[in-house]
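Working notes for the structure below.
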Amino acid sequence: MAAPMSADRFINALRNEGLTVVEVGAWRTHNRNHKGPWGPVHGVMIHHTVTRGTANTVELCRTGDADLPGPLCHGVITKDGRVHLVGYGRANHAGAGDGDVLAAVIAERRLPPDNQANTDGNRHFYGFECENLGDGEDPWPAVQLDAMVRAAAAVCRVHRWTGRSVIGHLEWRPGKIDPKGFTMASFRSRVAERLQ
């Protein structure tokens, strides 16, 4: 069981992993904590945004919309490999997902199929939204993928987690497809290599 790291420790972990970090507004206190607790934390969730353009993507992830208020993640990783911090605390990114998947993440073992939505993921996961149309055709630039790996590894390093603590939204909630364009198995392998 892990308590969330402080916002200062979070940004320092990202910078220590060699990332360029952009602070967006009062990100340290922008959260959904009034809707429920944040923590204990158990892993990192990767998403794609279904958006194009840095400014548009960052603003959407910071503010959300009428149906799903922001922040929609903790960090937005744009095509140029920068990490834009838009919130810290509970964020509307994971939603309800499979409790068996959470148990596997906690145990750092192979994930079972996600076939139910019975567990609050916003409470238990750090979330990174990654700028991509999510159509399987929009490319993932090498600099962006590298930043995504580094961001996930930064969180894992602080909490002493392995790459098995990193999942995609599609592995958490039935019907989700993100991130699309690479496999989470290959992504976890890259995170594991980074942590060696």
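The values are calculated or read from the model by the stated rules, or taken from the named source; none is laboratory data. These numbers come from a predicted model, not from an experiment. Note that we place each Cβ from the backbone using ideal geometry, even for glycine, and neighbour counts take in every protein chain shown. The accessibility values were calculated without ligands, DNA or RNA, using every heavy atom of the protein model including side chains. Shrake-Rupley method; radii C 1.70, N 1.55, O 1.52, S 1.80 Å.
Taking N as the number of residues in region 135-196, what is its alpha-carbon radius of gyration divided by 2.2 N^0.38 Å? Walk me through the numbers before you get to the answer.
Numbers: Rg = 11.9 Å, N = 62, 2.2 N^0.38 = 10.6 Å.
Normalised Cα radius of gyration, region 135-196: 1.13.
When you have a sec, figure out the Kirkwood radius of the chain from all distinct Cα pair distances and drop it here in Å to one decimal?
Taking the inverse mean of 1/r over all distinct Cα pairs, the chain comes out at 16.2 Å.
Taking every eigenvalue of the Cα gyration tensor of region 51-165, multiplying by 5 and rooting it, what semi-axes result, largest first, whole Å?
On the way: eigenvalues 109, 64, 40 Å².
That gives 23, 18, 14 Å for the three semi-axes.
State the extension gain, in nm to one decimal, for the chain segment bounded by residue 107 and residue 63, taking 0.36 nm per residue of separation less the distance between their alpha-carbons.
12.5 nm
If you roll a 1.4 Å probe over the heavy atoms of the protein chains, what accessible area per residue do you get for the chain, in Å²?
On a per-residue basis, 44 Å².
Which percent of the accessible heavy-atom area of region 143-196 goes to carbon and sulfur, probe 1.4 angstrom?
48 percent
For every other residue with a beta carbon closer than 13 angstrom to the beta carbon of residue 195, add +1 if it is Lys or Arg and -1 if Asp or Glu, then tell me the sum.
Details: positive: 150, 157, 160, 164, 188, 190, 194; negative: 17, 108, 193.
Local net charge: +4.
With contacts defined as alpha carbon pairs under 8 Å and 6 or more residues apart, what's the relative contact order of the chain in percent?
Normalised by residue count, the contact order of the chain is 28 percent.
Under a Cβ-Cβ cut-off of 10 Å, what is the net charge of the residues other than residue 75 that fall near it, where Lys and Arg count +1 and Asp and Glu count -1?
0
Would you kindly state the longest site-free stretch of the chain, with sites defined as trypsin sites (Lys or Arg not before Pro) in a DSSP loop (not H, G, I, E, B) surrounded by at most 14 other Cβ atoms within 10 Å?
Counting only loop sites that pass the neighbour cut-off, the longest clear stretch is 53-108.
Under a Cβ-Cβ cut-off of 15 Å, what is the net charge of the residues other than residue 100 that fall near it, where Lys and Arg count +1 and Asp and Glu count -1? Display every interim value, and only then the final one.
On the way: positive: 109, 110, 164, 173; negative: 98, 108, 114, 120, 171.
Neighbourhood net charge equals -1.
Would you mind checking the radius of gyration and Dmax of region 1-75 based on alpha-carbon positions, in Å?
Just the Cα atoms of region 1-75 yield Rg and Dmax of 13.3, 37 Å.
In whole Hz, with x marking every Gly and Pro, tabulate ³J(HN,Hα) for region 26-32 from phi via Karplus 6.51 cos²θ - 1.76 cosθ + 1.60, θ = phi - 60°.
8, 4, 4, 10, 8, 7, 10
Starting from the Cα gyration tensor of region 123-168, take the square roots of the eigenvalues, sort them a ≥ b ≥ c, and report rounded, prolate or oblate (rounded when a/c is under 1.5, otherwise prolate if a/b is larger than b/c, else oblate).
prolate
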